[in-house]
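Computed from the coordinates by the stated procedures, all read-outs in this text should not be read as laboratory data. Since the structure is predicted, the reported quantities are computational estimates derived from the model, not experimental observations. When we count neighbours, we look across all protein chains shown, and the Cβ atoms used for this are built from the backbone with ideal geometry, even at glycine.
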Amino acid sequence: MKIHNGTLYWPTTTAPFKPKVTNEKLDLYDVVIVGAGMSGALTALALVEAGLSVAILDKREFGSGSTSANTGLLQYSNDIMLHKLIEQIGEQEAVRFYKLCYEAVDDIEKIVNRLHIDANFIRRPSICNASDEKDMEKIKDEYATLKKYGFPCDYFEQNDIEEKFPFSKLGALVTFSDAEINPLKFVQGLLREVEALGVHPFPYVDVLDVLKENDILEIRTSGQSFHAKHIVYTTGYETTPVGKRIGADINRSYVFVSNPIKDLSDWHKKALIWETKRPYLYIRSTADGRIIAGGLDEDKPEAPFSDELIMKRANNLLKQTKKLFPNYEMKIDYAYAASFGESIDNLPFIGEHPTKNNHYYLLGYGGNGTVYSMLGSIILRDLITGKRNEDVEIVQLHREFGMK
């Protein structure tokens with residue numbers, strides 16, 4: 001599957017992760033992880049720090065899949081607003097899920113600081129603009145719901161927005177304690193750390209099938225076979241070698257990255273920007289003053305091969321961004337399209353397969369994938385080490401739209 005196409009920005013900011021040259025491979029691992037992106041790297045860290053022997057496999061160069069196209073917005077709010085999620089799954093589980101997302105942003109910051117990873121992690125507020133008048137009630141309902149359950153937020157009237165930004169909107173929900181990150185730097189830092197802790201990385205290894213005999217999994221690949229007590233699939237939007245998603249859509253989105261802008265002082269706290277309409281436009285800045293804008297989602301699974309189409313969509317995004325920031329001298333330095341997954345019920349897929357013991361999944365589908373990767377790595381660590389984790393019930397795989 002073609003995950004992305006076009007010119008990517010993040011790979012220009014850091015050198016690629018290169019595993020140490022070694023022929024070392026255990027006869028039996030506690031866990032083999034399939035996929036070395038955000039979910040795989042965070043899961044490897046959680047498991048190796050829990051004392052387990054771990055190998056991590058990827059059919060590509062590590063970090064070169066969806067991680068390189070990840071726009072790096074970290075938010076506790078989700079594509080489905082809390083008041084709507086309460087209607088869908090009930091008050092207790094919906095509020096708990098939002099709290100897990102809030103805690104996950106804190107956990108990412110703790111990892112960055114504890115491991116001294118230079119990932120350009122910066123705390124930012126988020127502003128979700130009402131795209132039109134009919135969405136004003138939705139924004140106000142969400143503000144009231146978040147306040148009720150103690151989440152840090154605010155509501156901006158039109159005049160507040162005009163005072164803090166060079167554009168005007170009817171109203172906006174503001175959430176605090178969100179962040180931005182360079183996702184590729186973060187994953188590469190994680191991979192270097194877990195390798196130093198004893199994780200065995202194997203790039204360019206494609207998993208073909210998994211067989212079970214006497215409670216041991218034989219993982220057959222394009223090269224050598226691996227044996228493990230448990231296997232974790234962190235394959236992102238790729239088809240998993242075992243198991244089938246029954247509640248997910250794979251779509252594609254477009255992104256452009258601008259030239260560095262000298263002065264962003266009229267952009268209030270460089271807040272992460274998004275909106276209520278679907279598909280939505282989302283905008284953030286980078287450590288070197290660029291603007292990243294994405295959107296124009298299409299109901300097609302693979303990134304287009306046409307550079308002309310990618311540039312056409314990028315120019316559309318540039319036009320929309322210039323409407324918000326008319327004084328910036330922006331041009332397109334990078335433009336790409338990338339696949340992304342959305343679950344029908346707006347929740348990630350995390351947990352053990354409903355019928356296949358010792359097969360685990362962490363598929364962070366939705367606009368909050370990095371946050372899902374963080375909270376999912378903790379859930380899987382607990383499940384694999386035999387520790388009770390009640391949060392798995394919210395995201396488990398035997399739900400109506402899960403895995404089979």
Compute the length gained on full extension between ARG278 and GLN320: take 0.36 nm times their separation in residues and subtract their Cα-Cα distance, giving the result in nm to one decimal. 13.6 nm
Normalised by the number of residues in the chain, what is the relative contact order in percent for Cα pairs under 8 Å and 6+ residues apart? 24 percent
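I need the Kirkwood Rh of region 215-289: take the reciprocal of the average 1/r across all distinct C-alpha pairs and report it in angstrom.
17.6 Å
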Quote the relative contact order of region 183-277 in percent (integer), defining contacts as alpha-carbon pairs under 8 Å separated by 6+ residues. 14 percent
Cα long-axis angle, helix 38-49 against the chain (0 to 90 degrees, to the nearest 10): 50 degrees
Non-local residues with an amide H under 5 Å from the amide H of GLY247, with H modelled 1.01 Å from N and Pro and chain starts lacking one, are GLY402
Under-5 Å amide H pairs with LEU281, H placed in peptide plane, nonlocal only: GLU275
Roughly what % antiparallel, to the nearest 5, for the DSSP beta bridges in the chain? 75 percent
Angle between the chain longest axis and helix 183-196 axis [Cα atoms, degrees, rounded to 10]: 30 degrees
4 °C / 1.567 mPa s Stokes-Einstein diffusion coefficient of region 201-337, Kirkwood radius on C-alpha pairs, µm²/s: 71 µm²/s
Mean shadow of region 296-404, computed from the convex hull of its alpha carbons, in nm²? 9.6 nm²
Counting only residues 5 or more apart in sequence or on a different chain, those whose built amide H sits under 5 Å from that of ILE56 are ILE33, HIS200, PHE202
Cα-based Lys pair tally, region 94-177, threshold under 17 Å, eight or more apart or on separate chains: 9
Of the trypsin sites (Lys or Arg not before Pro) in region 263-325, which ones lie in a loop per DSSP and count no more than 16 other C-beta atoms within 10 Å? LYS277
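Could you tell me the number of lysine pairs in region 294-404 with C-alpha atoms less than 19 Å from each other, where the two lysines are 8 or more residues apart or belong to different chains?
Lysine pairs satisfying the spacing and distance rule in region 294-404 number 8.
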Order 193-200, 367-374 from most to least packed using the mean count of other Cβ atoms within 10 Å. 367-374, 193-200
For the chain, the spread of Cα positions along each principal axis, largest first, Å: 67, 44, 39
For the chain, the longest principal axis of the Cα atoms and the Cα long axis of helix 136-148 enclose an angle in degrees, to the nearest 10, of 60 degrees
Round to the nearest 0.05 the FRET efficiency obtained for ASN357 and ASP118 when R0 = 41 Å and r is the Cβ-Cβ distance. 0.55
Take region 1-105, compute every pairwise Cα distance, and split them into 10 Å bins from 0; I just need the percent in each bin. 12, 30, 30, 23, 5, 0
